[in-house]
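Visitor: Dumping the structure here so I can ask a few things about it.
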Amino acid sequence: MEQQLKQLEQEALAKLQAASNLKELNDVRVAYLGKKGPITDLLKGMGKLSPEERPKMGALVNAVRENVTAQLEERITILEEQAILEQLEKESIDVTLPGRKVRQGNRHPLTRVVEEIEDLFVSMGYEIAEGPEVEKDYYNFEALNLPKGHPARDMQDTFYITEETLLRTHTSPVQARTMELKKGEPIRIICPGKVFRRDNDDATHSHQFMQIEGLVIGENIRMSDLKGTLDALAKKMFGDDREIRLRPSFFPFTEPSVEMDISCFKCGGKGCNVCKHTGWIEILGAGMVHPNVLEMAGYDSKKVSGFAFGIGAERIAMLKYGVDDIRHFYTNDSRFLSQFHRTEG
Ligand SMILES: [Zn+2]
């Protein structure tokens, strides 16, 4: 019996050494130490032994069990460590591999247009002024010489929040607010921002778009100052050889009012599809600040004068980048937006 026990111990230890994973170790444990295993069988058979032999045999069986159990635990620890190392090996990073390219975004074409215009005017000593997009009727219309019932209000139908509150139709209320704030002091600002109209969206109209307006007020501000400023703007946005022309127009808040055209940057004035074969492209509206607007904001229209202009950022971007549908700017389609990577300067 002792011989049998020794043999079982050797077998169990050999199988523990041979086991290559935790499952195999467990199989060995069940086979040799389990309730139905040979060692348990041996213990059960101890009843047949003489009373003198029993304690000796009992001690032997226990020693074998302890030895096998100790070996089993050691093997479990070793195999677990191995498994962790293998896992780490598998998950290790090959630092010599080239990195995955991170897709880099770029500025939105409208943002670029606005920033270019801001840069130009800041370099000419203008400040950038901003104001609320949800505006009072007073600042959006009345302070700009557009009293309630004025027919020109129809051209700028908007979204009303209440009778007296609306989504601004232009950034001109920022001008009105600045004039009120400066209390007769000279002003030189541009106001970029979102504006809203109740237009049906199509290739050239959007119910929301970006405007950049400018306002200069001071002594002896003349039409020629306006013309020189617009000329600098046209050259900055469309090239140094652009010429401008001013045509008479009407806006309630300026008098006189003008539309500014630039000589076509595509054909140079000969006529093409961009300029509709006229050689000129309409760019923006401008004019000398109406005396009523000055007076309403507390300026003495006999002592100071000023000019104002308003540019649609979308119109500039469409012309500059050859975009044929204004809606492209708002759909967030990366196929459209990624085209501006190349020209990012
Ligand atoms: Zn042309």
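The values are calculated or read from the model by the stated rules, or taken from the named source; none is laboratory data. Nothing here was measured: the structure is a model prediction, and the numbers come from that model. Glycine gets a Cβ as well: all are built from the backbone with ideal geometry, and neighbour counts include every protein chain shown.
Visitor: Name the residue, out of 209, 265, that is in contact (Cβ under 8 Å) with a residue 60 or more places away in the chain and not charged (D, E, K, R).
Guide: 209
Visitor: Out of 284, 230, 226, I need the residue that is in a strand (DSSP E or B) and more than 16 Å from the ligand (Cβ to nearest atom). Which one?
Guide: Step by step, each of 284, 230, 226 is checked, and only 284 is in a strand (DSSP E or B) and more than 16 Å from the ligand (Cβ to nearest atom).
Visitor: Continuing with this model, one more query. In region 74-93, what residues are over 50 Å from the mean Cα position of the chain (by Cα) and surrounded by 11 or more Cβ atoms within 10 Å (Cβ to Cβ)?
Guide: Scanning region 74-93 gives 74, 75, 76, 78.
Visitor: So in region 233-259, with the set limited to residues that are under 34 Å from the mean Cα position of the chain (by Cα) and surrounded by 14 or more Cβ atoms within 10 Å (Cβ to Cβ), which one is nearest to the ligand (Cβ to nearest atom)?
Guide: Per the stated criteria, the residue is 238.
Visitor: Additional query: Restricting to region 1-51, give me the number of residues that are assigned to a helix (DSSP H, G or I), closer than 27 Å to residue 80 by Cβ and basic (Lys, Arg).
Guide: 3
Visitor: Specify the residue that is surrounded by the fewest Cβ atoms within 10 Å (Cβ to Cβ); the eligible residues are those in region 329-345 that are polar (S, T, N, Q) and in a loop (DSSP other than H, G, I, E, B).
Guide: The residue in question is 332.
Visitor: Report yes if residue 296 is modelled with pLDDT under 95 and away from the ligand (no atom under 16 Å from the Cβ), otherwise no. Before the answer, list the steps.
Guide: Working: modelled with pLDDT under 95: yes; away from the ligand (no atom under 16 Å from the Cβ): yes.
Yes, satisfied.
Visitor: Looking at (1) of a type outside the set (Gly, Ala, Ser); (2) in a loop (DSSP other than H, G, I, E, B); (3) touching a Leu at 6+ places or on another chain (Cβ under 8 Å), which one does residue 191 not meet, given that it meets all the others?
Guide: Result: residue 191 passes all but (2).
Visitor: If I ask for residues that are basic (Lys, Arg) and within 30 Å of residue 296 (Cβ to Cβ), which ones from region 240-264 would you list?
Guide: Of everything in region 240-264, just one residue is basic (Lys, Arg) and within 30 Å of residue 296 (Cβ to Cβ), namely 247.
Visitor: A further question follows. The conditions are (1) free of Cβ contacts under 8 Å to residues at least 24 places away in the same chain; (2) under 60 Å from the mean Cα position of the chain (by Cα), and residue 34 fails exactly one of them. Which is it?
Guide: Every listed condition holds for residue 34 apart from (2).
Visitor: If you scan region 109-157, which residues turn out to be assigned to a strand (DSSP E or B) and under 22 Å from the mean Cα position of the chain (by Cα)?
Guide: none
Visitor: A further question follows. Among the numbered criteria (1) surrounded by fewer than 15 Cβ atoms within 10 Å (Cβ to Cβ); (2) within 16 Å of the ligand (Cβ to nearest atom), which one does residue 205 miss?
Guide: Checking residue 205 against (1) surrounded by fewer than 15 Cβ atoms within 10 Å (Cβ to Cβ); (2) within 16 Å of the ligand (Cβ to nearest atom), the one that fails is (2).
Visitor: Please count how many residues of region 286-328 are surrounded by 11 or more Cβ atoms within 10 Å (Cβ to Cβ) and closer than 19 Å to residue 238 by Cβ.
Guide: Qualifying residue count for the region: 16.
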